[in-house]
Every structure is written in C-alpha cells, then in structure tokens.
1. Take every DSSP beta bridge whose two residues both sit in the chain, then give the antiparallel share in percent to the nearest 5.
2. For segment 97-153, what Kirkwood radius comes out of the mean inverse Cα-Cα distance, in Å?
3. Quick one: which of 218-229, 56-67, 197-208 comes out on top by average Cβ neighbours within 10 Å, and what's the full order, highest first?
4. With no solvent and one point on each alpha carbon, what is the Debye value of log10 I(q)/I(0) for segment 99-194 at q = 0.16 Å⁻¹?
5. If packing is taken as the average number of other Cβ atoms within 10 Å across a peptide's residues, how do 84-90, 251-257, 132-138 rank, most packed first?
6. Using packing as a proxy for protection, rank 264-273, 159-168 so that the peptide with the highest average count of other Cβ atoms within 10 Å comes first.
7. Using Cα centres only, tell me the gap between segment 163-225 and segment 1-41 in whole Å.
8. Per residue, how big is the convex hull of segment 29-90 when only Cα atoms are used? Give it in Å³.
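Here, each number is a calculation from the coordinates, and none is a lab measurement. A quick note: this is a predicted structure, and the numbers were derived from the prediction, not measured. Reconstructed Cβ throughout: ideal geometry from the backbone, glycine too, with neighbour counts over all protein chains shown.
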C-alpha cells in the first residue's frame with residue numbers, strides 16, 4: 001500500500017490535518033484508525049449495565065476521537081485546555097485558529113447556539129469566586145453533544161472523501177519506520193510523510209515509537225484529576241450561568257494550581273478502558 005501522507009489516528013488532530021493538507025496540496029492522504037467508523041461507534045454499556053470491554057474501546061477509538069461520545073463540547077478560548085497562545089507565539093493568531101476551527105464545525109452541522117456567560121449574573125459569579133480566592137473564567141462554549149456529534153463527524157468524513165482522502169478503520173499501526181509503517185496484520189504502508197496523532201489511548205505506544213526512532217521527547221507536568229460529585233441543585237445556579245464553568249485556584253498551603261474541568265450538569269460518568277486499567 002502506498003500514499004504520500006499517512007495520518008495515524010482519526011480524531012480531531014488527524015481529521016483536521018487531513019483537511020488542511022488536502023486543501024493546500026495534491027498529495028495523496030491515507031488516515032488509519034484502530035477504531036470503528038462513526039456509523040459503527042456504539043458503546044453497549046447502557047444495554048448491559050456494565051463495561052463489556054470492547055476491543056478496541058468505542059469510547060476512546062474511532063472516527064472523531066474520544067470526545068465524540070463524551071459531550072463534544074468546544075471551549076472557544078485559547079487559554080482553556082492548555083495555552084494556545086504559547087504555541088502560536090501570538091494571542092491574535094491563537095484567536096484566529098479558535099474561530100477558524102469553530103467555523104469548520106459549524107460548516108459540518110454543529111449547533112449554532114453559543115453559550116456565553118455575560119450580564120450581571122456572570123459578573124456576580126466572578127465577584128463571589130474572587131472573594132473565595134478563586135477566578136471564574138467566562139468563556140464561550142459550543143455544545144455539539146453526543147447526540148449531534150456522530151452526524152457532524154460523518155459530514156466531516158464525507159467532505160474528506162470528496163477531497164480524495166482515504167480513511168481506513170479497524171487497522172492498527174504496529175510500528176513506524178523511515179518512510180513506512182507496519183500494521184498489525186502485516187500490511188506495509190509506504191509513504192513520504194507520517195503524522196502520528198493516536199490520542200490518549202495511543203500515547204504510550206507513540207512514546208515507545210519515538211524512543212525507538214531516536215526522536216527526543218519532553219514531558220509536561222502531570223495533572224492529577226479528582227472527580228467530585230454533588231447534588232445537581234448545588235451547582236445549578238452556576239451551570240445556569242456557564243454550561244461548563246471554569247474556575248482557577250491557587251492553593252494556600254503549597255501554591256498549587258487547581259482548575260475545574262468537564263462539569264457535566266445532570267450528566268453520566270463514561271468509562272474509559274485503557275490497556276490494563
């Protein structure tokens with residue numbers, strides 16, 4: 001099998017990479033993902049009242065990536081979920097990219113409704129947070145939702161195919177070598193360029209490939225996540241103002257940075273199954 005560009009992973013990074021390359025060049029593009037196509041990505045946990053340990057996990061793998069079946073929320077601000085301005089070296093460029101990505105999702109059918117904390121209630125929440133030593137960050141958010149996300153990703157895929165991009169699912173890349181990749185079924189894919197975007201489920205594998213290829217890697221600080229569950233009535237006044245409220249806190253004892261993320265009012269916990277845990 002031959003192609004000009006091999007993209008490993010059909011999550012947001014892989015799909016957007018394929019889109020941008022197909023727009024700006026005539027290169028042949030092949031996207032490979034170990035998971036299912038979007039039409040076949042279903043989690044049986046609700047029917048069986050427990051995880052059946054599908055291989056690969058439909059929550060983590062497949063077209064659209066892990067976010068497709070777990071809310072599909074777009075946080076439209078560069079300093080949420082990382083700091084895009086640090087990467088782009090420009091706040092203006094960071095905002096341009098945020099707006100560009102948002103327009104593309106709208107093009108593929110994302111809901112037009114934008115949740116944006118504003119007005120007296122948002123200001124009052126900022127004041128209350130500050131008085132408690134926290135910072136409330138009002139950000140615009142677009143909720144695609146698990147019900148809408150599959151159709152949005154299906155439209156994304158259809159557009160890529162019209163541009164000549166090939167998408168191959170349920171194929172696992174075992175090894176990356178110079179200008180080629182070996183699949184677990186023994187297939188060899190020869191290419192000029194490789195973009196590896198396997199997501200969280202493939203992070204450990206990618207680190208191993210980088211080490212074997214002699215590619216230097218750096219590590220970001222580890223974030224330790226804790227799930228806090230409270231009765232919905234407690235957070236309702238906050239979630240009425242901000243769909244997924246973001247608070248930043250500096251702890252008094254050790255000056256640790258603490259942030260809230262992925263608030264899901266009236267939501268359900270989705271199990272993510274990794275190898276061994």
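1. Rounded to the nearest five, the antiparallel share is 60 percent.
2. Roughly 13.3 Å, rounded to one decimal.
3. 56-67, 197-208, 218-229
4. Debye curve over Cα of segment 99-194, log10 I(q)/I(0) at q = 0.16 Å⁻¹: -0.86.
5. Details: 84-90: 13.6, 251-257: 8.0, 132-138: 16.0.
In decreasing order of mean packing, 84-90, 251-257, 132-138 become 132-138, 84-90, 251-257.
6. 159-168, 264-273
7. The two parts, judged by their Cα centres, are 13 Å apart.
8. 136
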